[in-house]
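A.B. asks: Here it is, the structure, as structure tokens.
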Amino acid sequence: MLQIFFEDEQIIVVEKTVGIESQSSHSFEPDMVSEIKKHINKLSTAKCEPYVGVIHRLDKPVGGVMVYAKTQKAAAALSKQVSEGKMTKKYQAVICGKLVDNVGNYVDYLLKDSKSNTSKIVDKGINGAKEAKLNYKVIRTIQEGEEVLSLVEIELLTGRHHQIRVQMSGHGTPLWGDNKYNLQFTPAAGAGRKRGSIALCSCYLAFSHPVTGRKMSFQMKPEYSVFAKFQ
């Protein structure tokens, strides 16, 4: 069932479900765009297909707050906010290990490999490399046996492919459950390692309404998977 935080004629703010694509998947699997269209169709008598504009994206294994446009005018206005850095996006993540500083930032250059659908940190001068910036703040650190886990809040200042996952892994504290960038969870780690959804959630989203200009913010607290250990 679609979890809706806010909806009017211009936009709809929803909770993206873990394991579902945030944009049209062009397959038989469900995706957020299709689910929102189904919701709109139930409320409308119009025979034409409803418009749903994708403003930002979340990786398939990541859940959290997202905004979609219901008109092209709203889509253009929201996309402009994204490009101008006026849309605030914060995440909560559980990382394996402990950060040296409780508050800090990372500035790296990422290069995407389309063949493997992965990215990596490279030198600034590498052709195709894009600057990636984020701020982080440690909320809590716990220890279970020999394993140290930290709950962190991350504010994205740029929106690169797999950015949080790549930067946290590149700095020695990969995300719990990440089967691409955490060696403990990759297929090569074997069946003995407990598997679960990646511990990354879009927990806060703030922007201006595309028509009225009203400041809007939405937040949620992840309680699934390993996040439950920090409740």
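The values are calculated or read from the model by the stated rules, or taken from the named source; none is laboratory data. The shown structure was predicted, so the numbers you read here are calculated from the model rather than taken from an experiment. Heads up, the Cβs are rebuilt from the backbone with ideal geometry, glycines too, and the neighbour counts pull from every protein chain shown.
A.B. asks: Scan the range 59-74 and give yes if some residue there is part of a loop (DSSP other than H, G, I, E, B), closer than 20 Å to Met216 by Cα and within 14 Å of the chain's Cα centre (by Cα), otherwise no.
C.D. replies: no
A.B. asks: Those residues that are part of a strand (DSSP E or B), farther than 21 Å from Arg57 by Cβ and acidic (Asp, Glu), I need them from the range 119-178; list them, please.
C.D. replies: Glu144, Glu147
A.B. asks: For the range 18-34, give me each residue that is assigned to a helix (DSSP H, G or I) and over 23 Å from Glu223 (Cα atoms).
C.D. replies: Hits for the range 18-34 are Val33, Ser34.
A.B. asks: Suppose we filter Leu149, Leu156 for residues that are in contact (Cβ under 8 Å) with a residue 24 or more places away in the chain and within 16 Å of the chain's Cα centre (by Cα); which single one remains?
C.D. replies: The conditions single out Leu156.
A.B. asks: Determine which member of the set Lys98, Lys73, Lys80, Lys89 is charged (D, E, K, R) and surrounded by 16 or more Cβ atoms within 10 Å (Cβ to Cβ).
C.D. replies: Residue meeting the stated conditions: Lys89.
One line per residue, one yes/no per condition, for (1) at pLDDT 95 or above; (2) farther than 22 Å from Tyr204 by Cβ:
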residue: Tyr68; (1), (2): yes, no
residue: Ala76; (1), (2): yes, yes
residue: Gln81; (1), (2): yes, no
residue: Gly85; (1), (2): no, no
residue: Lys90; (1), (2): yes, no
residue: Ala93; (1), (2): yes, no
residue: Gly97; (1), (2): yes, yes
residue: Val107; (1), (2): yes, no
